[in-house]
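Engineer: Right, I'll just put the structure down here and ask away after.
Values in this text are rule-based calculations from the coordinates and carry no lab data. These numbers were taken from a predicted model, which means no experiment stands behind them. All Cβ positions, even for glycine, are placed from backbone atoms using ideal geometry, and neighbour counts span all protein chains on display.
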Amino acid sequence: MAAVYKEVWTGEVIKALSTAENATFLDGIVNYDRYVSAVGDEAQAIHLVYMGVEPDVLINNTTYPIPLQTLDQEDVVITLDKYQTKVTPVTDDELYALSYKKIQTVKDRHASAIAKSKIAKAIHALAPSGNTATMPVLLTTGEDDGTGRKKLTWKDILSLKRQLDNLQVPVEGRRLVLCNDHLNDLLEADEKFKDQYANSATGTLYKRMNFEFFDYINMPYYTVASKLKKSFGATPAAGDRQASVFFSLERAAKATGWTKMYFSEAATSPRTQQNEVNFRHHFIVLPTREEARGAIISASV
């Protein structure tokens, strides 16, 4: 019977995780699940062979045969992140009754915990480490919000657009994920944005200045003075603020590996006489090149 319960619970968690990305900034990122392979019984990795050099383009060519051009190839091995939940106890009475509510509760809690962690890790990975020529990190220029923080303005977003245009970042697939402060700045300042952005909750994607707008509550932190990104999970300190993050769909990838349920029976634990369950999930989101990304941080007054 244990195998049956594992199948049911694992299936429920996989189904919940597969829909967790819908209507988020992860929706539409190129999926490389088919390239995921196992190294031993645990490690999950993808082997991506991508072209490091694009071919030259001939215009109005009259010379034949067309010259050969060899493109450099590189095998990039990327290990997927491993997400593990802490163990949940389940009594024999709850297990053998196959209580729908209990299964739903366990599934929801474990799937929700994994989804929150992997989405937060994803936007952190897509955010640039710092300000560079190909990945601009800008500071806001708006008025003081009353706390010593300069608000985000549409002029700031236009400045980001200009830099991306100069870098020839493709217009299609430009995504801007707003942190809470910046989203609220725009909602407060622009009634049109407020009305139209609300429609995104019903499935209408908001676009403006060639950006697809999203928002997320757990955005990465940057040190304002240096424009450097804090490490994932680091505790923010004085002088650190959450940033809004830009990335291009053409320069991002994601991959999902195994989702496994681990289960121990009460029969093997005479002291506690309870079953124990947790889950392991393999997933990764990453930029494919060090370009076509950016961030906006709130400046200090």
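Engineer: Check cross-link reach from LYS155 to the lysines: straight Cα distance under 27 Å, and skip same-chain residues fewer than eight apart.
Structural biologist: By straight Cα distance, LYS155 reaches LYS192, LYS194, LYS207, LYS227, LYS229, LYS230.
Engineer: Under 16 Å from a label point 7 Å along Cα→Cβ of ALA38: give me every residue in segment 239-268 with its amide N that close.
Structural biologist: Inside the label zone: 256-263.
Engineer: Using the alpha carbons of segment 147-235, what is the convex hull volume per residue in cubic angstrom, as a whole number?
Structural biologist: In segment 147-235, the Cα convex hull volume per residue is 135 Å³.
Engineer: Set the Förster distance to 51 Å, then compute FRET efficiency between SER226 and THR88 from the Cβ-Cβ distance, nearest 0.05.
Structural biologist: 0.80
Engineer: Of the labelled options (1) 19.2, 58; (2) 23.3, 84; (3) 20.8, 58, which one gives Rg and Dmax of the Cα atoms in Å as computed for this structure?
Structural biologist: Recomputing Rg and Dmax of the Cα atoms in Å here gives the entry labelled (2).
Engineer: Taking only Cα atoms and a 10 Å spring cutoff, compute GNM fluctuations for the chain and point out the largest among ALA255, ALA238, ALA23.
Structural biologist: ALA238
Engineer: Let me ask you something else. Once the Cα atoms of helix 154-166 and of the chain are each reduced to a long axis, what angle between those two axes, in degrees from 0 to 90 to the nearest 10, is obtained?
Structural biologist: Helix 154-166 and the main axis of the chain meet at about 80 degrees.
Engineer: If you don't mind, there's one more thing I want to ask. Determine the gain in length on full extension of the stretch THR19-THR272; use 0.36 nm per residue of separation and subtract their C-alpha separation, reporting nm with one decimal.
Structural biologist: Net length gain for the segment: 87.6 nm.
Engineer: If you don't mind, there's one more thing I want to ask. So which residue, out of ILE59, ILE157, ILE217, gets the largest mean-square fluctuation from a GNM of the chain using Cα contacts under 10 Å as springs?
Structural biologist: So, out of ILE59, ILE157, ILE217, the one fluctuating most is ILE59.
Engineer: Thinking of segment 144-301 as a set of Cα atoms, what percent of all their pairs are more than 26 Å apart?
Structural biologist: 42 percent
Engineer: Listing TYR83, TYR262 from the residue with the fewest other Cβ atoms within 10 Å to the one with the most, what is the order?
Structural biologist: Going from least to most buried by this count: TYR262, TYR83.
Engineer: Please give every one of the lysines within straight-line cross-link reach of LYS82, meaning a C-alpha to C-alpha distance under 17 Å, and leave out same-chain neighbours fewer than 8 residues apart.
Structural biologist: Straight-line reach from LYS82, under 17 Å: LYS116, LYS118, LYS121, LYS254, LYS260.
Engineer: Taking neighbour Cβ counts within 10 Å as the exposure measure, how do HIS110, HIS124, HIS182 sort from fewest upward?
Structural biologist: HIS124, HIS110, HIS182
Engineer: Using a Förster distance of 45 Å, how high is the FRET efficiency between SER264 and ASP165, based on the Cβ-Cβ distance and rounded to 0.05?
Structural biologist: After rounding, the FRET efficiency stands at 0.20.
Engineer: Could you list MET209, MET219 in order of exposure, starting from the residue whose Cβ has the fewest other Cβ atoms within 10 Å?
Structural biologist: The fewest-first ordering by Cβ neighbours comes to MET209, MET219.
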